[in-house]
Structure formats: C-alpha cells, structure tokens
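Worksheet: one structure, shown below.
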Amino acid sequence: MLKTPASERRMRILEWLKDPVAHFPPQRRLDLVEDGVTVAAVAEKLHVARSVAATDLRILASLGLLRTKRNCRHTLYRRDEVRIAEVARLFEKGW
C-alpha cells in the first residue's frame, strides 16, 4: 500500500484538489469544491490520457483519500480531508 499512493502525479492531484477552483476550469452545473472535479479535467491538467487519470483517481479513492460522487455520466472526485488528516497522523506517529 505504501508504494501505490506515492507517485508524483498522485501527489500533484491531491495538492490541486486542496483548492480546485484555483487549479481547474469552472464546470457547467457543478461546484468544484462541493461536487468535485471530473476525470477529464484532471487528465487535461496532467497532460495524460483519461484512462491514466482515472486509474490514479481510483487508487486515491480506494485508499479513502478522495470521495466520489456520481453526476449523470461523470464521476467527480474531491479530497476527504478527515481521512487525509488520519493518514498524516499515522505517519507522524511512525506508523
């Protein structure tokens, strides 16, 4: 598990999702903070294929670091601040 989330790309995604309004373009009918960000928006910002971005987002979500929300055809992703704080505390304590 330790090697899986620790990629530079995934760390950038987590960083960008701290302030999605500053890092992603507005989405029609969506609030970037409340609803989340689409796979397409993340892929475009990373300059990678959607499948690559989707894999990174799914990994982060499976670890509990991101929350997902379905909106029509899209899955939206946003940070789970409570879970991220729990994980940070574990690392501070030496696991």
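Listed values, structure above:
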read-out	value
Selection from region 5-37 of residues that are surrounded by fewer than 17 Cβ atoms within 10 Å (Cβ to Cβ), in contact (Cβ under 8 Å) with a residue 12 or more places away in the chain and of a type outside the set (D, E, K, R)	PRO5, SER7, LEU14, VAL21, PRO25, VAL33
When residues of region 76-85 are limited to those that are more than 11 Å from the chain's Cα centre (by Cα) and surrounded by 13 or more Cβ atoms within 10 Å (Cβ to Cβ), the one farthest from ARG10 (Cα to Cα)	ARG83
Options ALA41, ALA54; residue that is out of contact with any Gly (no Cβ under 8 Å at 6 or more places or on another chain), surrounded by 19 or more Cβ atoms within 10 Å (Cβ to Cβ) and part of a helix (DSSP H, G or I)	ALA41
Flag for LEU66 being in contact (Cβ under 8 Å) with a residue 60 or more places away in the chain and within 18 Å of ALA88 (Cβ to Cβ)	no
Boolean, ALA49 is touching a Lys or Arg at 6+ places or on another chain (Cβ under 9 Å) and either surrounded by 12 or more Cβ atoms within 10 Å (Cβ to Cβ) or at pLDDT 95 or above (or both)	no
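The values are calculated or read from the model by the stated rules, or taken from the named source; none is laboratory data. In this text the structure is predicted, and so the values were computed from the model without any measurement. Cβ atoms come from the backbone with ideal geometry, glycine included; neighbour counts cover every protein chain shown.
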